[in-house]
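Here, each number is a calculation from the coordinates, and none is a lab measurement. No experiment lies behind these values; they were computed from the predicted model shown. As a convention, Cβ positions derive from the backbone with ideal geometry for all residues, glycine included, and neighbour counts pool all protein chains shown.
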Amino acid sequence: MPASDAMTVTVTQLNEYVKSLLGVDPLLRGLSLRGEISNFKRHSSGHLYFSLKDAQSVIRCVMFRQNAFSLHFAPRDGMQVVLRGYVSVYTRDGQYQFYCEGMQADGVGALYQQFERNKARFAEEGLFDEAHKRPLPQFARCIGVVTSPTGAVIRDIIRVSHRRNPSVDILLCPCQVQGVGAAESICRGIRALNTQDVDVIIVGRGGGSLEDLWAFNEESVVRAVYASRIPIISAVGHETDFALSDFAADVRASTPSNAAELAVLDVRDAMQHVDDLSSALRTAALHEVAIKERQLAALRERAALRNAHVLFDRQLAAVNEKRRQLDQCALDAINSRNAEVVHLMARLRTLNPEQVLQRGYAIARIAGKTVARIAQAHEGDALMLRVLDGRIHATVTKTEELQ
């Protein structure tokens, strides 16, 4: 627009001209803006409208739906934030405003300071005391999991658990692991699994920023983990990530896969351990016998003892007695270990679902979940029956409750 005093322009032309001037200013194109949110409104379209203010000034802001969708927290009035975006003019109103492309709480530093304050407070209260932590069960039959039902975490836990023990059951209590309402969702999952017959609970999610993992730092989650009557393994983030729930849990796992390894005994390792013990006992017994035989042979070679028949007979009798005692000791030890092997094999067989199937029973599942009670089945549900040699697909036509 020429800078002539005689030129007359429309309002729209003026606003478009000012908008073009702002658009070529590099300082205003990639700007970070700090302040306090006020007059916050979420439009039905998904766009966010609000003002950002400090002690002296205020500016109108807008965040369009495609950018607002990526937020991991709910903005609200009074919240201190840092915005990333650019300054432009809304041509229709002649109003210059800030177009927000990204938003975060006022610095990770503030979150980290809050993390450290809460950590110190909870530690002083005793929520992290080692005396409160319980050992994990050696033979876990059912593992409870509190995590997102769609993430890689639950898939990793199922894969590792069934590789180590195919007969272990996994009971998933799905929850939200990030964003508004995540903390309460996690607490509900922990409380729900405490009413079920599970041996250990894994609580976790994949990696992320301090902000992404913040739900596991909330006081309600830490107290729910501490109050659980069932041992809890905390598996939040990657190996370098830490959450306050890690310190309150009975065991902290470096990853969700590691949590499954801690929770589920590898049956192959157990059987190998028994075999190794038996082999070690046999070797020790044979080694002791060989030592005594070499000692006896050395005595026989001594010239002074060649004609000492009485002494020789006594030593021979003593060696034979020791050998008999060693043989008996080795036999007793081997029998004891064999009994342990038989006992372990019996326990493993009782955990094998095929033992039940051979007696004519079947495992019923609806939508991949085991049906244990009549309330879980409804007319019209697709039913899969696992029998000894295959699967039967059926439909629920009627349910009857036993009197």
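Summary of packing: across the peptides 168-176, 114-122, the per-residue average of other C-beta atoms within 10 Å ranks them, highest first, as 168-176, 114-122.
Placing +1 at every Lys and Arg Cβ and -1 at every Asp and Glu Cβ, with all other atoms neutral, what dipole size does segment 319-398 have around its Cα centre, in debye to the nearest 20?
Details: 13 positive and 8 negative charges, 20 e Å.
In debye, rounded to 20, segment 319-398 gives about 100.
Each of Asn258, Gln95, Gly23 was scored by the projection of its Cα onto the charge dipole of the chain, and the greatest displacement toward the positive side belongs to Asn258; charges sit on the C-beta of Lys, Arg, Asp and Glu. Under 11 Å from a point placed 7 Å out from the Cα of Gln95 along the Cα-to-Cβ direction: which residues of segment 23-49 have their backbone N that close? Only 49 fall inside the zone, counting backbone N under 11 Å. Looking at the chain, the DSSP beta bridges with both ends there are about 65 percent antiparallel.
Between Arg159 and Gln138, what is 0.36 nm times their sequence separation minus the Cα-Cα distance? Round to one decimal in nm. Don't jump to the answer; show the numbers that get you there.
Details: separation 21, 0.36 × 21 = 7.56 nm, distance 1.95 nm.
So the extension gain works out to 5.6 nm.
Each Lys and Arg Cβ is given +1 and each Asp and Glu Cβ -1; about its Cα centre, the chain then shows a dipole of about 1040 debye.
If you keep only loop residues by DSSP, which GluC sites (Glu not before Pro) in segment 309-403 have at most 15 other Cβ atoms within 10 Å of their Cβ?
Working: sites: Glu321, Glu340, Glu354, Glu379, Glu400, Glu401; in loops: Glu379, Glu400, Glu401.
When the GluC sites (Glu not before Pro) of segment 309-403 are filtered for loop state and at most 15 Cβ neighbours within 10 Å, Glu379, Glu400, Glu401 remain.
Dimensions of segment 150-294 along the principal axes, based on C-alpha atoms and rounded to the nearest Å, stand at 77, 29, 27, largest first.
Could you give the dipole magnitude of segment 151-214 about its Cα centre, charging the beta-carbon of Lys and Arg +1 and that of Asp and Glu -1, in debye to the nearest 20?
200
Bridgeable lysines around Lys133 (alpha carbons under 23 Å apart, same-chain partners fewer than 8 residues away excluded): Lys119. Taking 14 Å as the straight-line reach from the Cα of Lys398, the aspartates and glutamates in range (excluding those fewer than 8 positions away in the same chain) are Glu379, Asp381. Taken over the alpha carbons of segment 1-90 as equal point scatterers, the Debye sum produces base-10 log I(q)/I(0) values at 0.12, 0.23 Å⁻¹ of -0.49, -1.20. Each of Asn320, Phe216, His287 was placed along the dipole of the chain (beta-carbon charges, centred on the mean Cα), and the one lying farthest toward the positive end is Asn320.
In the chain, taking the dipole from charged Cβ atoms about the Cα centre, the farthest positive-side position among Tyr49, Ala140, Ala227 is held by Ala140.
Note on Ser336 and Ser38: the extension gain reaches 99.7 nm, defined as 0.36 nm multiplied by sequence separation minus the Cα-Cα distance.
Taking 12 Å as the cut-off, the amide N atoms of segment 65-104 that come nearer than this to a point 7 Å along the Cα-to-beta-carbon line of Lys19 belong to 88-97. Our estimate of slack between Ile59 and Leu344, defined as 0.36 nm per intervening residue step minus the Cα-Cα distance, is 95.4 nm.
Rg then Dmax, both in Å and based on the Cα atoms of segment 301-403: 31.9, 97.
With a/c under 1.5 counting as rounded, go ahead and sort segment 91-174 into rounded, prolate or oblate using the C-alpha gyration tensor (a ≥ b ≥ c being the square roots of the eigenvalues; past the cut-off, prolate if a/b is larger than b/c, else oblate). Cα axes put segment 91-174 in the oblate bin. Can you spot the lysines whose alpha carbon is less than 27 Å from Lys19's alpha carbon? Ignore those fewer than 8 places along the same chain. Counting by Cα, and skipping residues close in sequence, Lys19 has these lysines nearby: Lys41, Lys53. Sorted into 5 angstrom bins from 0, the C-alpha pair distances of segment 139-229 split as 3, 15, 25, 24, 18, 10, 5, 0 percent. The spacing between segment 307-350 and segment 40-98, judged by their C-alpha centroids, is 84 Å.
Annotation for segment 123-218: chymotrypsin sites (Phe, Trp or Tyr not before Pro) lying in DSSP loop with at most 16 further Cβ atoms inside 10 Å of their Cβ are Phe139. Of Arg337, Arg159, the sequence from fewest to most neighbouring Cβ atoms within 10 angstrom is Arg159, Arg337. Paramagnetic label reach from His378 (point 7 Å along Cα→Cβ; backbone nitrogen cut-off under 19 Å): within segment 173-211, residues 174.
Can you give the translational diffusion coefficient of the chain in µm²/s, computed by Stokes-Einstein from the Kirkwood radius over Cα pairs at 25 °C and 0.890 mPa s?
Values: Rh = 28.2 Å.
Translational diffusion coefficient: 87 µm²/s.
GNM remark for the chain: springs join alpha carbons under 10 Å apart, and the peak mean-square fluctuation among Phe312, Phe40, Phe247 falls on Phe312.
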